[in-house]
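The structure appears below as structure tokens.
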Amino acid sequence: MMTRKRRFIPTLVISFCLSLAACGGGVTKQEMGVIMDLAGKQRMFTQKMTKEILLIAKGINVAENKKKLRQTAILFNKTLIGLFDGDSELGLVKVENPHIVQQLNKVADLWREFRNNVDAVLRGNTSIAVLKKTAQQNLSLLKEMNRAVKMYERGSHSTLEQWMAVTINLAGKQRMLTQKMTKERLLVTIGIEPAKNQAELKRTVSLFERTLAGLLDGDAELGLPGTKNTLIREQLMRVKKRWNEYKPIVTKSKLSQAELEKAAQINIPLLKEMNEVVQMYKGHSSQ
């Protein structure tokens, strides 16, 4: 469990840092690409952990999902520390922007709370009380981590072109949406605020589809220019193919246990294909 003490951030910052390059001693394009990728991936981990908790509660591949949950929690924790202090293994450099550090402290506080649910489930406690706390707290953790990513995006414009920062952010967000919609499907099935989560699932599906189309052909409102890069377009079409397999299952009104198991299996290849898109954009950004 994370033991970092909360950092003190002065209320008044005399010299406001307008960019990560100014605050972090000069972040390269490659370093910024890694930061955007891994900070964005943290959003996905919040949803992946929640999904894994719910799969365990439903009795789906319990041993395997406990192993995955433990691994996801460890990686979330390691990445969060790396965003604070840098991590050579992950390729993260320390960024000194005080506003981002302050935001990451909010994430760390919420993570300490959420980690209690992870630990409880790993000990075998999948009570409705734990599941309800998980359902509530994961959203706060996701929201604050997303704010951190947006701060990185805004601060990266001196290093990355604005369209590239937005594209990496939203492509990375797609990874999170693959896990979020699976989580919402499970919450509906378990009976935790089913009407609310059914509505959220509908919105998540719609946003995933819109963003995928925008990554391919552009979406001015989302700030996406689209891409003409043949390799990236081909990879996005692989994502679309996986999505066309997954959507009919995740949007079905009622799912059997076997269908839930199938959904849990299919969403991982979808996540992997979407992650490959992010890596391609990240590589392109450093050129």
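Before moving on, here are some points about what is shown:
- Separation of the alpha carbons by more than 23 angstrom is noted, of LYS94/LYS272; LYS78/LYS241; LYS240/LYS272; LYS143/LYS254; LYS106/LYS272, for LYS94/LYS272; LYS78/LYS241; LYS143/LYS254; LYS106/LYS272.
- Note on VAL278, VAL130, VAL93: ascending count of other Cβ atoms within 10 Å places them as VAL130, VAL93, VAL278, the fewest first.
- Estimated 222 nm signal from helices in the chain, with DSSP H stretches of n ≥ 4 weighted -39500 (n - 2.57), rounded to 500: -26000 deg cm²/dmol
- Under 13 Å from the Cα of LYS228 - aspartates and glutamates, other chains or at least 8 residues apart: ASP217
- Under-5 Å amide H pairs with LEU224, H placed in peptide plane, nonlocal only: ASP219
- Kyte-Doolittle mean at least -0.5, axial Cα span of 27 Å or more - DSSP H helices of the chain: 29-57, 62-85, 98-122, 128-155, 162-190, 194-217, 257-285
- Global form of the chain, assessed from the alpha-carbon gyration tensor, a/c cut-off 1.5: oblate
- Simple point charges give the picture: +1 on the Cβ of Lys and Arg, -1 on the Cβ of Asp and Glu, and for the chain a dipole about the Cα centre of about 800 debye.
- Cβ-placed point charges (K, R +1; D, E -1), dipole of the range 25-169 about Cα centre in debye, nearest 20: 700 debye
- Shown for ARG154, ARG175, ARG123: other C-beta atoms within 10 Å of each C-beta, ranked fewest to most, produce the order ARG123, ARG154, ARG175.
- Rounded to the nearest 20, the Cβ-based charge dipole of the range 131-249 about its Cα centre (Lys and Arg +1, Asp and Glu -1) stands at 380 debye.
- Estimated distance in nm for a label pair at ALA63 and ARG233, the labels positioned 7 Å out from Cα along Cα-to-Cβ: 4.8 nm
- Residues with amide H under 5 Å from that of LEU92, placed H, sequence gap 5 or more: ASP87
- Toward the positive end of the charge dipole of the chain, with +1 on the Cβ of Lys and Arg and -1 on the Cβ of Asp and Glu, the farthest Cα among LEU271, SER88, VAL118 is that of VAL118.
- Stokes-Einstein D (µm²/s) once Rh is taken as the Kirkwood radius of the range 98-183 over alpha-carbon pairs, at 4 °C in 1.567 mPa s: 89 µm²/s
- Residue (of MET176, VAL27, ALA165) at the positive-pole extreme of the range 24-285, dipole from beta-carbon charges: MET176
- Candidate aspartates and glutamates for bridging to LYS68, where Cα separation is under 12 Å - those fewer than 8 sequence places away on the same chain excluded: GLU52
- Sorted by Cβ density within 10 Å, fewest first, the residues TRP163, TRP111: TRP163, TRP111
FYI, it's all coordinate maths here, none of it is from the lab. Please read all numbers here as calculations on a predicted model, not as lab measurements. Neighbour counts run over all protein chains shown; Cβ positions are idealised from the backbone, glycine included.
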